[in-house]
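Only the coordinates and a few stated rules stand behind these numbers; no lab work does. Since this is a predicted model, take the numbers as computed values, not measurements. Glycine also receives a Cβ, built like all others from the backbone with ideal geometry; neighbour counts cover every protein chain displayed.
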Amino acid sequence: MLTDAAPRKANRAGFLESDRIKMLDLPQDGRLLAIAESIEQTMKATRASDVRRACAEFLEATSQFYKVSDCDVRVLAARPLRVRENGATELFGDYSPETMLIRLWMRTAVRKEITSFGTFLSTLCHEFCHHLDFQQFGFPDSWHTRGFYERAAALYHHVRGTPLKRLFWIPVAGGRWRIDWPRTNRGW
Ligand SMILES: [Zn+2]
């Protein structure tokens, strides 16, 4: 995971705020966990229409919890060849702020392998966090900041029922950051 570089002028304050906010409110009940489990079940049957229905239910519940407009979701069997690239992480899905539509694909473009449930769910959470950036935080853009990745990870671990890891970052050229996986996995 690599962050975007900070924009130069107008949007810099929003970028820095996005970078700073590391936590999201999370529901205290197990509703999202239950829906995530049903996404996993439908993925086993690999019918995109069933997976879509489960994802739509997930997004309805999250949008309700965060009190933001619903966003729509489309689940595609394979990744289209031409995809609006929003950085290196958008390999399994994307989000359009204009149409508030999330697209997810169940197979990778090149090798046509089924996306794993963990990757699929993590992508759903990631794209929903783009939606929150615009609809809840009111940012003029949705950058991949350290805070963005932390918020997406908090949501993902909540819905997966797995412990949240502290993320460690290493600065790279151009004022960007990448995850230090050895330290993050070790926990210190
Ligand atoms: Zn993204």
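For the reader, a short list of remarks on this structure follows.
- Charge tally in the Cβ shell below 10 Å around Thr115, where Lys, Arg are +1 and Asp, Glu are -1, Thr115 excluded: +1
- Counted charge near Leu104, where neighbours are those whose Cβ lies closer than 9 Å (Asp, Glu -1; Lys, Arg +1): +1
- Modelled this way, with points 7 Å down the Cα-to-C-beta line, the labels at Trp188 and Glu60 are 4.7 nm from one another.
- With both labels modelled 7 Å from their Cα along Cα-to-Cβ, the Arg20 to Arg166 distance reads 2.1 nm.
- Over region 118-188, volume per residue of the alpha carbon convex hull, in Å³: 99 Å³
- Measuring r between the beta carbons of Ala5 and Asp180 and using R0 = 22 Å, the FRET efficiency lands at 0.75.
- With a cut-off of 13 Å between beta carbons, the residues surrounding Arg183 carry a summed charge of +3, where Lys and Arg count +1 and Asp and Glu -1.
- Only helices enter the 222 nm calculation for the chain: every DSSP H run of n ≥ 4 contributes -39,500 (n - 2.57), and dividing by all residues gives -14000 deg cm²/dmol, rounded to 500.
- Simple spin-label estimate for Gln28 and Asp70 gives 2.8 nm between the two label positions (7 Å along the Cα-to-Cβ direction from each Cα).
- Most fluctuating residue given options Ile102, Ile39, Ile21, as computed from a GNM of the chain linking Cα atoms under 10 Å: Ile21
- Computed over the alpha carbons of the chain, Rg followed by Dmax gives 16.1, 48 Å.
- When the chain is treated as a GNM with alpha-carbon contacts under 10 Å, the residue of Thr162, Thr145, Thr123 showing the greatest mean-square fluctuation is Thr162.
- Taken over the Cα atoms of region 1-83, the convex hull encloses 165 Å³ per residue.
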